[in-house]
């Protein structure tokens, strides 16, 4: 893979050199290569197998503060010629932007650290036959777990391996490789009135050895499915709501989209002009950390060649910073936070790495036991969030809690509260953080939300 990164780097260097000879002030190229495999098994039989490779180039050129972006997957000499010509023609007709430009050369990394924990060669070598075997193992464990599991929406095993290189005319050159593999199992159980209850469980990691045992993934998926049997609505009320990690992650993801510099200068975030103010409960600490070992969002440098850095976004409930690339930093008259993300087409914008709500000291069981009456949310449906106002409303399902114990499963309810109030009402945070995804949160409880039911 190191050889592949070197080849991509050399390819990008040649593209940058040719673009500069074409008369632009700035040229920035990214080159990518990789492979993906996805296999699905249903009722023990392979239902879907897809394997593909990809490669491509992206280019951003700047001339007199005019910007143009081009991309191509045609790496033949003629394809590259056309790709470069398009960039040079587009930049001449683009509109000037006084904030356009590369990152400050003083901030661009002169050397980049090697990061081995992002890549596992054993994932790159997984065959379709092996992936089918593992998917079958997970599904069969779910079907064998409980007689109430009567059907299956299948089990899917996927893996991806990729190499990336970036070369900037400002003097930066770097690259890295990454892998990721996952298994998800979705059993089905029959409920009253011919209703079907679907549950799921999954595991995902950068390294194959770190995946949960596949049979245990299946058994947990079965447990999560049968416990939904007999689900019903609850009367509309105001009550505490506990979000388990998958649902908590969705809430944190909504907040993440509101702290990027682009959402702030565009005035599409309720957090505009809120740095230094209270935006969550004092126990809430949110970090954007690209250095977490083997985590999905880790990286050695950002999309503009700045060395990665750990950003404290919320500290003791107070918003400390927005996540900015160089462009949004100029617009907001602040410093870039090494948060630039560069797409395959060469475009740059701010984003997150490992965006994490820091865990607390309470166990999941302790949080449930300390809740006299409330809703424990395991899944949410639909998308009902307005980032401009912070208003939040989504369909939910989970379990009703009475006297600190799970009483019965709940479905077809809606939970709602402004996100600003929701984060400020967090009164318990769990210790069960799991870095399966780049945006991650442990279990947490909100002291009161509106629950719309029967």
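Results, tabulated for the structure shown:
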read-out: Only one of 241, 284 that is touching a strand residue (DSSP E or B) at 6+ places or on another chain (Cβ under 8 Å), assigned by TED's automatic domain parsing to the domain that holds residue 413, part of a loop (DSSP other than H, G, I, E, B) and farther than 30 Å from residue 114 by Cα; value: 284
read-out: Flag if residue 214 is in the same structural domain as residue 453 (by TED's automatic domain parsing) and touching a strand residue (DSSP E or B) at 6+ places or on another chain (Cβ under 7 Å); value: no
read-out: Only one of 147, 116 that is over 29 Å from the mean Cα position of the chain (by Cα), more than 30 Å from residue 334 (Cα to Cα) and assigned to a loop (DSSP other than H, G, I, E, B); value: 147
read-out: Residue list for segment 312-341, filter: part of a loop (DSSP other than H, G, I, E, B) and touching a residue at least 12 places away in the same chain (Cβ under 8 Å); value: 316, 317, 320, 321, 322, 324, 325, 334, 336, 337, 338, 339
read-out: Qualifying positions in segment 7-47 - free of Cβ contacts under 8 Å to residues at least 60 places away in the same chain and over 18 Å from residue 344 (Cα atoms); value: 17, 21, 25, 45
read-out: Some residue of segment 48-61 being outside any strand (DSSP E or B) and either within 30 Å of residue 151 (Cβ to Cβ) or in contact with a helix residue (DSSP H, G or I) (Cβ under 9 Å, 6 or more places away or on another chain) (or both); value: no
read-out: Those residues of segment 209-228 which are surrounded by fewer than 16 Cβ atoms within 10 Å (Cβ to Cβ) and either without any contact (Cβ under 8 Å) to a residue 40 or more places away in the chain or not in a helix (DSSP H, G or I) (or both), in sequence order; value: 213
read-out: Residues of segment 41-63 satisfying the condition of being surrounded by fewer than 21 Cβ atoms within 10 Å (Cβ to Cβ) and within 30 Å of residue 218 (Cα to Cα); value: 42, 43, 44, 45, 46, 47, 48, 49, 50, 51, 52, 53
read-out: Matching option when the condition is surrounded by 17 or more Cβ atoms within 10 Å (Cβ to Cβ), modelled with pLDDT of 95 or more, over 16 Å from the mean Cα position of the chain (by Cα) and under 30 Å from residue 165 (Cβ atoms), among 262, 269; value: 262
read-out: Among residues of segment 156-173, those that are within 11 Å of residue 8 (Cβ to Cβ) and either touching a helix residue (DSSP H, G or I) at 6+ places or on another chain (Cβ under 9 Å) or outside the structural domain of residue 215 (by TED's automatic domain parsing) (or both), counted; value: 6
read-out: Count of residues meeting criterion [farther than 20 Å from residue 268 by Cα, surrounded by fewer than 17 Cβ atoms within 10 Å (Cβ to Cβ) and under 20 Å from the mean Cα position of the chain (by Cα)] in segment 386-442; value: 1
read-out: Residue selected from segment 350-359 under the condition crowded, with 21+ Cβ neighbours inside 10 Å and out of contact with any helix residue (DSSP H, G or I) (no Cβ under 7 Å at 6 or more places or on another chain), by the criterion farthest from residue 436 (Cα to Cα); value: 351
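The values are calculated or read from the model by the stated rules, or taken from the named source; none is laboratory data. The model shown is predicted, which means the values in this text are computed figures rather than measured ones. Neighbour counts are summed over all protein chains in view; Cβ atoms, including those assigned to glycine, are modelled from backbone coordinates with ideal geometry.
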